[in-house]
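Working notes for the structure below.
The values are calculated or read from the model by the stated rules, or taken from the named source; none is laboratory data. Predicted, not measured: the structure shown is a model, and the values here were computed from it. Cβ: placed from backbone, ideal geometry, glycine included. Neighbour counts: every protein chain shown.
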Amino acid sequence: MTDSLQKLKQSNKYNVLFYSSWQQPIQTSPISSPTLLKAGGQYGEHHELIGSVGLVADKELRLTLDFWWREFDPVQPHQREQVNPHHLIKAGPEQTEYQISRNFHLRQQQPLKPNQIYYVDSPVLGMLVLLTPSQP
């Protein structure tokens, strides 16, 4: 996966928000305990990318993704009166005010096989996923 990461970073078409690996338990019940992730720029307590990754095994092994990607824009003084005050986010040492200008939801399930790279695609957000079985 590091080769794929380097290629993405070298391209000017993509912005890599998150790269990591972890051990994730596989759930056998319909009620799973997904891993929560936050990534990208941070605006106060808010992140550009927030969501969860889960693995469920019933008839087949499935990846479950539920992510929100948000784009934040600074609020200009002349826009201040047009923005709902409940939608303002203050961030940084100068408490700059931001608003969410774009909000995109990705919810998807993907069958998985071990040791294969999967590309999960949407109009705004893409993910590379590799499932590697852990050794006991």
Name, by its number, the condition in (1) over 19 Å from the mean Cα position of the chain (by Cα); (2) touching a residue at least 12 places away in the same chain (Cβ under 8 Å); (3) not in a loop (DSSP other than H, G, I, E, B) that does not hold for residue 86.
(2)
Is there a residue in region 60-73 that is exposed (fewer than 11 other Cβ atoms within 10 Å of the Cβ), of a type outside the set (Val, Ile, Thr), at pLDDT 80 or above and part of a loop (DSSP other than H, G, I, E, B)?
yes
Would you be able to say whether some residue in region 44-53 is assigned to a strand (DSSP E or B), at pLDDT below 90 and either farther than 17 Å from residue 125 by Cβ or not β-branched (Val, Ile, Thr) (or both)?
no
In region 89-99, how many residues are surrounded by 14 or more Cβ atoms within 10 Å (Cβ to Cβ) and in contact (Cβ under 8 Å) with a residue 40 or more places away in the chain?
3
Of all residues being touching a residue at least 40 places away in the same chain (Cβ under 8 Å) and part of a loop (DSSP other than H, G, I, E, B) in region 115-131, which is nearest to residue 66 (Cα to Cα)? Just the residue, please.
125
Would you say residue 8 is surrounded by 13 or more Cβ atoms within 10 Å (Cβ to Cβ) and outside any loop (DSSP other than H, G, I, E, B)?
yes
Just to be sure I understand the filter: pairs with C-beta atoms under 9 Å, separated by 6 or more residues or on different chains, first member in region 64-82 and under 27 Å from residue 125 (Cα atoms), second member among the aliphatic types (A, V, I, L, M) and surrounded by fewer than 13 Cβ atoms within 10 Å (Cβ to Cβ). Which pairs pass?
69/124
